[in-house]
Every structure is written in structure tokens, then in C-alpha cells.
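A quick write-up on the structure given underneath.
The values are calculated or read from the model by the stated rules, or taken from the named source; none is laboratory data. All values reported here derive from a predicted model rather than from experimental measurement. FYI the Cβ positions are ideal-geometry reconstructions off the backbone, even for glycines, and counts take in every protein chain you see. Surface areas here come from the heavy atoms of the whole protein model, side chains and all, with no ligands, DNA or RNA. Shrake-Rupley method; radii C 1.70, N 1.55, O 1.52, S 1.80 Å.
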Amino acid sequence: MDNPRLAGRYAKSLIDLAIEQNQLEAVYADIKFLQSITKSNPDLVAMLRSPIIHGDKKIAIIAAITKDKIGILTTAFIKLLAEKGREQYLPEITSGFIDQYNQLKNIHRVKLTTAVTVSDDIKQSIVQKVNAMPGVGSVELETEVKQELIGGFILETDNKLVDASILRDLKDVKKQFKNNEYIHRIR
């Protein structure tokens, strides 16, 4: 179902239209709201992707959910998606829009995954360290808790990944034991 090219094109069109009408920040807030809804409600995404439910019903459902919460431009965009039969790509389009908005505003998304919740002081420290990197404008920090990491952290930014988790260390040790050349020489 993923179609990043199509999602990118629709997202770019919406950004261009929002800039043209001086509503970029309002549309960005609307798209963030839509993204939070689609991420937190898998039933809504399933409904959008269902070929059984007609486009008019999908528009009515989305209109009921977003009534008085999103602007006219975003509402018209969602109607256009439904008319073109592209409403199933709404989650991808929202992600594409946010990525392009961040690129336009020089905002770098940083994802921090830890085994336990992180204090605000540590979050601020990470944001400051990333801001100190050359070419970084501002930083948007997203945190996630995965207990299976046991300890440490995983930091993702742009196309870089820093995995300093205990889980990765244990996997490395396990791989070293599996590939123990000394044992192979004895046999």
C-alpha cells in the first residue's frame, strides 16, 4: 500500500498551495492533527484503505472526526483525495507533508529510543548536542520507550543511527560466540 512517490507529490502540492495562500502554519497544524489521529487509530486507517466503503462515506467519517478542528484548505484537500480515490494514502501523505515542511524550515527530526522514560534534562542535553552539529537548524525530538533494549539508547537522526543499547551489545556477544573460530579449529 505504500506509495511514497504519490504521497510526496500530493504533500508537495499541499505545501505549495498553503504557501501561496499564506496558510502554511495552519495547514501544518492540521496535518499534525491528522497524523496523530491516523497513528493512534488503526481502525481509521483500515477504513480509509477499505475498498468496500465508498469515498462519500469516508469523507463523512473524516468530516465528523475533524469537525471544527481543521481548516478549510485541509478539508478541501481531503475531499480532493477522496474524489481522486487516493484517501487510503492519507497517512503517507501526512508523513510526506511533515518531512517536506521540516526540510523547508530546516527542522531536523531526532528519535530517541530508550528502555525507560527519559527526564527533561536529558532531552534538553540531547537537543543541545544535536544543535551543536554543523548545518542543523532546529531540532524536533521524538522519544519512544522500548523495554527490550534493557538499557542504553538508540538515537536516529536524518540517515544516521547510533545504537548504544544493551540489547545490541548482547546480540554482538552472541554473534561472537556463534562465530568462535577457536572452537572450529579444535573440531
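Considering only the stretch 2-9, I want to know if a residue exists there that is more than 30 Å from VAL136 (Cα to Cα) and open to solvent by 40 Å² or more (accessible area, probe 1.4 Å).
no
How many of the residues making up the stretch 64-112 are open to solvent by 50 Å² or more (accessible area, probe 1.4 Å) and either under 21 Å from the mean Cα position of the chain (by Cα) or over 17 Å from GLN21 (Cβ atoms) (or both)?
Residues flagged as open to solvent by 50 Å² or more (accessible area, probe 1.4 Å) and either under 21 Å from the mean Cα position of the chain (by Cα) or over 17 Å from GLN21 (Cβ atoms) (or both) within the stretch 64-112 amount to 15.
Per-residue answers, yes or no, for (1) within 27 Å of LYS105 (Cβ to Cβ); (2) touching a residue at least 60 places away in the same chain (Cβ under 8 Å):
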| site | (1), (2) |
| --- | --- |
| ASN3 | yes, yes |
| GLU25 | yes, no |
| LEU44 | no, no |
| ALA76 | yes, no |
| LEU81 | yes, yes |
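Criterion first (under 25 Å from LYS39 (Cα atoms) and either out of contact with any Ser or Thr (no Cβ under 7 Å at 6 or more places or on another chain) or surrounded by fewer than 17 Cβ atoms within 10 Å (Cβ to Cβ) (or both)) does ILE122 satisfy it?
Values: under 25 Å from LYS39 (Cα atoms): no; either out of contact with any Ser or Thr (no Cβ under 7 Å at 6 or more places or on another chain) or surrounded by fewer than 17 Cβ atoms within 10 Å (Cβ to Cβ) (or both): yes.
In short, no.
Scanning for something over 29 Å from LEU48 (Cα atoms), among the hydroxyl-bearing types (Ser, Thr, Tyr) and exposed (fewer than 14 other Cβ atoms within 10 Å of the Cβ), does the stretch 144-157 turn up at least one residue?
No, the stretch 144-157 contains no residue that is over 29 Å from LEU48 (Cα atoms), among the hydroxyl-bearing types (Ser, Thr, Tyr) and exposed (fewer than 14 other Cβ atoms within 10 Å of the Cβ).
Checking the conditions here, which among VAL130, VAL139, VAL173 is β-branched (Val, Ile, Thr) and outside any helix (DSSP H, G or I)? Steps first, please.
Numbers: VAL130 fails: outside any helix (DSSP H, G or I); VAL173 fails: outside any helix (DSSP H, G or I).
The match here is VAL139.
Are there any pairs with C-beta distances below 7 angstrom linking a residue in the stretch 139-152 that is within 21 Å of TYR101 (Cβ to Cβ) to a residue that is open to solvent by 70 Å² or more (accessible area, probe 1.4 Å), with the two at least 6 apart or on different chains, and if so which?
What qualifies is GLU140/ARG109; GLU142/ARG109.
Among the residues of the stretch 53-60, are any under 27 Å from GLU140 (Cβ atoms) and at pLDDT below 95?
Within the stretch 53-60, none of the residues are under 27 Å from GLU140 (Cβ atoms) and at pLDDT below 95.
Have a look at ALA29, ALA18 and point out the one that is without any contact (Cβ under 8 Å) to a residue 24 or more places away in the chain, closer than 21 Å to ILE98 by Cα and surrounded by 12 or more Cβ atoms within 10 Å (Cβ to Cβ).
Going through ALA29, ALA18 in turn, just one is without any contact (Cβ under 8 Å) to a residue 24 or more places away in the chain, closer than 21 Å to ILE98 by Cα and surrounded by 12 or more Cβ atoms within 10 Å (Cβ to Cβ): ALA29.
Select the helices (runs of 4 or more DSSP H) contained entirely in the stretch 1-115, then report the ones holding at least 3 residues which are under 30 Å from ARG168 (Cβ atoms).
Filter on the stretch 1-115 gives 24-40, 90-105.
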